[in-house]
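Colleague: This is the structure, below, for whatever I ask next.
The values are calculated or read from the model by the stated rules, or taken from the named source; none is laboratory data. Keep in mind it's a predicted model, so treat the numbers as computed, not measured. Cβ placement follows ideal geometry from the backbone for every residue including glycine, while neighbour counts extend to all protein chains displayed.
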């Protein structure tokens with residue numbers, strides 16, 4: 001019972017925001033229409049149940065006129081049922097896509113807000129594939145919530161409608177055993193109730209393991225798909241290392257979890273299906289067995305017997321809602337648990353740590369310097385990594401940061417960018433300053449080259465002529481005629497070309513502070529020198545902070561600093577002031 005309450009509370013928390021959103025009136029209107037149609041369909045079922053009695057009585061009495069009239073009544077009822085069913089499906093699907101559209105936008109907004117997606121990875125919360133949760137899980141949640149919700153409402157309304165009918169029929173057709181009428185008020189209702197309780201209890205006992213099995217199946221499927229994508233994205237490196245055999249074994253190992261869990265689902269589903277199918281088949285004949293003695297004793301007519309069987313079936317079906325929908329309920333609960341976990345991961349990643357337990361990004365009012373005050377950058381496990389007691393980066397400076405691999409240079413850049421939360425201290429950023437980080441392997445969205453270069457700006461922010469000039473300036477004139485060509489540019493271009501393209505992006509955006517994290521490491525030294533001269537000429541007022549290991553980079557910077565080991569920490573310290581004219 002506690003699990004049911006917890007699940008319903010989670011469903012309410014996930015579903016309610018849509019019906020309070022800017023699309024609430026459309027959503028509420030469509031939901032009301034779907035519910036109203038469902039109630040109308042139940043009303044038609046009640047009319048059809050009454051029709052059974054008249055129709056079969058006319059057949060038994062060989063009443064032609066009555067038979068013809070009831071055929072006409074049936075055509076009207078059937079036509080209304082068909083029309084209502086069609087529009088219910090149409091409106092239901094309309095509500096599904098509107099709800100899914102809002103929920104997808106909502107989750108994308110929270111996931112991609114202020115580097116939440118990155119912090120989720122740092123905390124280890126993104127291993128279970130948020131892509132699947134935003135696509136498949138949202139779709140399944142919306143579909144099954146509506147299907148199961150409307151189905152449950154229909155079962156409740158059907159139960160109340162037909163219990164009244166079945167109670168009256170029980171009194172009209174008393175239980176007849178060995179020539180004796182037994183006066184048991186509403187015995188058919190009690191029979192349906194006992195039958196449904198028995199079936200529901202056994203169904204839950206047999207099928208309860210399906211909840212966890214379905215949860216695990218979705219997790220294994222998502223993990224297998226994610227690793228297939230990883231192979232596709234890194235196909236060149238795998239081919240160069242002749243790693244196909246290792247990848248095949250690794251993928252088959254992961255797929256083995258999919259297969260093994262599926263066999264467990266098959267075994268449990270076989271038992272559940274055997275019972276529920278038998279249960280449904282027995283329900284067809286059970287009311288006839290109960291009413292047959294009264295019929296053959298002449299207590300009721302054929303129409304009353306068929307009407308009783310129909311009413312019994314409706315009551316039994318309503319009471320057995322959880323039996324018939326158990327597999328769907330198991331899948332739905334797994335999806336609810338996954339979306340709940342996704343929301344908890346987002347909440348954990350966006351939760352503000354208490355004062356002193358996180359790096360504070362503060363605006364430096366009236367200053368043109370980036371200041372690091374009592375900064376201590378830590379690893380996610382809490383181990384200290386980098387410290388900077390009182391360090392500033394002035395306007396228009398060109399600073400080279402060096403240090404051994406693993407000393408925390410890139411992590412320091414992430415902290416300055418505001419996406420690394422682990423540590424304490426303050427980073428002061430000049431107000432309205434525009435920062436741009438260029439990593440060693442830049443990111444380009446799949447699509448037209450023009451969009452990839454100007455990212456994250458819109459395609460119309462820069463004119464085609466400006467983009468072509470930037471491409472020519474960084475040594476990629478051949479790409480200047482391919483601006484509208486679609487492509488996966490991280491695959492189509494060499495790493496050196498990607499780094500040139502990243503610098504073209506910097507030339508267009510003209511940031512106030514440009515951080516280059518080995519952003520030219522794949523270029524030869526003459527090309528690297530040429531591009532640094534280009535940055536100096538085209539971005540004279542931009543502060544450039546570079547991470548690099550080549551000694552030749554010193555000539556292009558006005559100040560050199562290094563991360564120097566001091567016990568378990570690396571301390572940011574000044575090294576020298578280059579004398580080369582290249583730095584000026």
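Colleague: Just to be sure before I move on: is residue 412 modelled with pLDDT of 90 or more and under 34 Å from the mean Cα position of the chain (by Cα) in the structure I sent?
Modeller: Numbers: modelled with pLDDT of 90 or more: yes; under 34 Å from the mean Cα position of the chain (by Cα): yes.
Considered against the rule, which asks whether it is modelled with pLDDT of 90 or more and under 34 Å from the mean Cα position of the chain (by Cα), residue 412 comes out as yes.
Colleague: Only one residue in 412, 435 is over 19 Å from residue 492 (Cβ atoms) and touching a helix residue (DSSP H, G or I) at 6+ places or on another chain (Cβ under 7 Å), so which one is that?
Modeller: Values: 412 fails: touching a helix residue (DSSP H, G or I) at 6+ places or on another chain (Cβ under 7 Å).
Just one listed residue meets the conditions, 435.
Colleague: Ok, one more. Based on this model, can you work out whether residue 546 counts as in the same structural domain as residue 385 (by TED's automatic domain parsing), surrounded by fewer than 22 Cβ atoms within 10 Å (Cβ to Cβ) and either closer than 17 Å to residue 441 by Cβ or out of contact with any helix residue (DSSP H, G or I) (no Cβ under 7 Å at 6 or more places or on another chain) (or both)? Walk me through it before giving the result.
Modeller: Details: in the same structural domain as residue 385 (by TED's automatic domain parsing): yes; surrounded by fewer than 22 Cβ atoms within 10 Å (Cβ to Cβ): no; either closer than 17 Å to residue 441 by Cβ or out of contact with any helix residue (DSSP H, G or I) (no Cβ under 7 Å at 6 or more places or on another chain) (or both): yes.
Against the criterion (in the same structural domain as residue 385 (by TED's automatic domain parsing), surrounded by fewer than 22 Cβ atoms within 10 Å (Cβ to Cβ) and either closer than 17 Å to residue 441 by Cβ or out of contact with any helix residue (DSSP H, G or I) (no Cβ under 7 Å at 6 or more places or on another chain) (or both)), residue 546 does not qualify.
Colleague: Of all residues in region 424-443, which are in contact with a strand residue (DSSP E or B) (Cβ under 9 Å, 6 or more places away or on another chain) and in a loop (DSSP other than H, G, I, E, B)?
Modeller: Narrowing region 424-443 to residues in contact with a strand residue (DSSP E or B) (Cβ under 9 Å, 6 or more places away or on another chain): 424-440.
Result: 431, 432, 433, 434, 439, 440.
Colleague: Given (1) touching a residue at least 24 places away in the same chain (Cβ under 8 Å); (2) out of contact with any helix residue (DSSP H, G or I) (no Cβ under 6 Å at 6 or more places or on another chain); (3) in a helix (DSSP H, G or I), where does residue 261 come up short, assuming only one miss?
Modeller: Here residue 261 meets the rest and fails (2).
Colleague: Separate question: Which residues, counting only those in region 448-489, are part of a loop (DSSP other than H, G, I, E, B), touching a residue at least 40 places away in the same chain (Cβ under 8 Å) and over 27 Å from residue 434 (Cα atoms)? Lay out the reasoning, then the answer.
Modeller: In the first step, residues of region 448-489 are kept if they are part of a loop (DSSP other than H, G, I, E, B); the result is 455-463, 474-476, 482-485, 488.
Next, only the ones that are touching a residue at least 40 places away in the same chain (Cβ under 8 Å) stay: 455, 457, 462, 474-475, 488.
Of everything in region 448-489, just one residue is part of a loop (DSSP other than H, G, I, E, B), touching a residue at least 40 places away in the same chain (Cβ under 8 Å) and over 27 Å from residue 434 (Cα atoms), namely 488.
Colleague: Right, another one. For the structure I just gave you, tell me whether residue 95 is farther than 30 Å from residue 380 by Cβ, surrounded by 12 or more Cβ atoms within 10 Å (Cβ to Cβ), in contact with a helix residue (DSSP H, G or I) (Cβ under 7 Å, 6 or more places away or on another chain) and touching a residue at least 60 places away in the same chain (Cβ under 8 Å). Steps first, answer last, please.
Modeller: Values: farther than 30 Å from residue 380 by Cβ: yes; surrounded by 12 or more Cβ atoms within 10 Å (Cβ to Cβ): yes; in contact with a helix residue (DSSP H, G or I) (Cβ under 7 Å, 6 or more places away or on another chain): yes; touching a residue at least 60 places away in the same chain (Cβ under 8 Å): yes.
Yes; evaluated as a whole, the condition is true for this residue.
Colleague: Which members of region 61-73 meet the condition of being in a helix (DSSP H, G or I) and exposed (fewer than 14 other Cβ atoms within 10 Å of the Cβ)? I'd like the intermediate steps shown before the answer.
Modeller: Initial filter on region 61-73 (in a helix (DSSP H, G or I)): 61, 64-73.
61, 64, 65, 68, 71, 72, listed by residue number.
Colleague: Residues that are within 30 Å of residue 59 (Cα to Cα) and assigned to a helix (DSSP H, G or I): does region 317-337 have at least one? If you could, list the steps in order and put the result at the bottom.
Modeller: First, the residues of region 317-337 that are within 30 Å of residue 59 (Cα to Cα): 317-318.
Keeping just the survivors that are assigned to a helix (DSSP H, G or I) gives 317-318.
The answer is yes, given that some residue of region 317-337 is within 30 Å of residue 59 (Cα to Cα) and assigned to a helix (DSSP H, G or I).
Colleague: Quick one: would you say residue 100 is in the same structural domain as residue 306 (by TED's automatic domain parsing), more than 26 Å from residue 165 (Cβ to Cβ) and surrounded by fewer than 16 Cβ atoms within 10 Å (Cβ to Cβ)?
Modeller: Values: in the same structural domain as residue 306 (by TED's automatic domain parsing): yes; more than 26 Å from residue 165 (Cβ to Cβ): yes; surrounded by fewer than 16 Cβ atoms within 10 Å (Cβ to Cβ): no.
Considered against the rule, which asks whether it is in the same structural domain as residue 306 (by TED's automatic domain parsing), more than 26 Å from residue 165 (Cβ to Cβ) and surrounded by fewer than 16 Cβ atoms within 10 Å (Cβ to Cβ), residue 100 comes out as no.
Colleague: With the condition kept exactly as written, say whether any residue in region 560-575 is in a loop (DSSP other than H, G, I, E, B) and within 30 Å of residue 384 (Cβ to Cβ).
Modeller: Within region 560-575, one or more residues are in a loop (DSSP other than H, G, I, E, B) and within 30 Å of residue 384 (Cβ to Cβ).
Colleague: If I ask for residues that are on the phi < 0 side of the Ramachandran plot and touching a strand residue (DSSP E or B) at 6+ places or on another chain (Cβ under 6 Å), which ones from region 396-409 would you list?
Modeller: Within region 396-409, 397, 398, 399, 400, 401, 402, 407, 409 qualify.
Colleague: With respect to the numbered conditions (1) farther than 14 Å from residue 435 by Cβ; (2) within 34 Å of the chain's Cα centre (by Cα), which one is the sole condition not fulfilled by residue 517?
Modeller: With respect to (1) farther than 14 Å from residue 435 by Cβ; (2) within 34 Å of the chain's Cα centre (by Cα), residue 517 is out only on (1).
Colleague: What residue, of 412, 476, 471, 501, is touching a strand residue (DSSP E or B) at 6+ places or on another chain (Cβ under 6 Å) and either crowded, with 18+ Cβ neighbours inside 10 Å or more than 30 Å from residue 564 (Cα to Cα) (or both)? Walk me through it before giving the result.
Modeller: Details: 476 fails: touching a strand residue (DSSP E or B) at 6+ places or on another chain (Cβ under 6 Å); 471 fails: touching a strand residue (DSSP E or B) at 6+ places or on another chain (Cβ under 6 Å); 501 fails: touching a strand residue (DSSP E or B) at 6+ places or on another chain (Cβ under 6 Å).
Going through 412, 476, 471, 501 in turn, just one is touching a strand residue (DSSP E or B) at 6+ places or on another chain (Cβ under 6 Å) and either crowded, with 18+ Cβ neighbours inside 10 Å or more than 30 Å from residue 564 (Cα to Cα) (or both): 412.
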